[in-house]
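Take a look at the structure below.
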Amino acid sequence: MVAELGRREEEIAEELTYWRTLVAQAEADGFKVWGKADFTKGDFVRCGSRWYEVLRVNAKTLTVPGGPDIKPVVSDENRAYSWNDRLPYDRVAGRMSAEEARGNPAQRTAAPQTSD
């Protein structure tokens, strides 16, 4: 049993090394890997063709206003539904700070940012 656990530990360590190397290479090639450190409450996140206000920053997800809204920008102020949704970081297509979103409404339909 102990030998099997040791073998599995080595396998998992090798897999982690492989995936970490792959992600590091993708980032070096210009791919943005979004995470908790990239967002603060009040920022806007792009998913698909819509921008959503970030209501909460979680370890693995962002909390955004919920519902199948048709508006291009969904914020806590203009939401049509009372519940919240969670958006995993791998579905994020762009980020806009709260200042950028409130200061320049035309930027809300601009191409998503890929890095800051």
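The values are calculated or read from the model by the stated rules, or taken from the named source; none is laboratory data. Keep in mind that this is a model prediction, so the values were computed, not measured. Cβ coordinates were reconstructed from backbone atoms using ideal geometry, including for glycine residues, and neighbour counts include every protein chain displayed.
For segment 19-75, the strands (runs of 3 or more DSSP E) that sit wholly inside it and include 2 or more residues that are assigned by TED's automatic domain parsing to the domain that holds R91 and out of contact with any Leu (no Cβ under 7 Å at 6 or more places or on another chain) are 44-47, 50-53. G67 falls short on exactly one of the conditions (1) loosely packed, with under 11 Cβ neighbours inside 10 Å; (2) on the phi > 0 side of the Ramachandran plot, and that condition is (1).
Based on what the data block shows, is R8 more than 13 Å from the chain's Cα centre (by Cα), among the basic types (K, R) and surrounded by 10 or more Cβ atoms within 10 Å (Cβ to Cβ)? Yes, satisfied.
Would you be able to say whether some residue in segment 62-70 is of a type in the set (D, E, K, R) and under 26 Å from G103 (Cα atoms)? Looking through segment 62-70, at least one residue is of a type in the set (D, E, K, R) and under 26 Å from G103 (Cα atoms). Scanning segment 41-59 for residues that are touching a residue at least 40 places away in the same chain (Cβ under 8 Å) and not charged (D, E, K, R) gives G42, F44, V45, C47, G48, W51.
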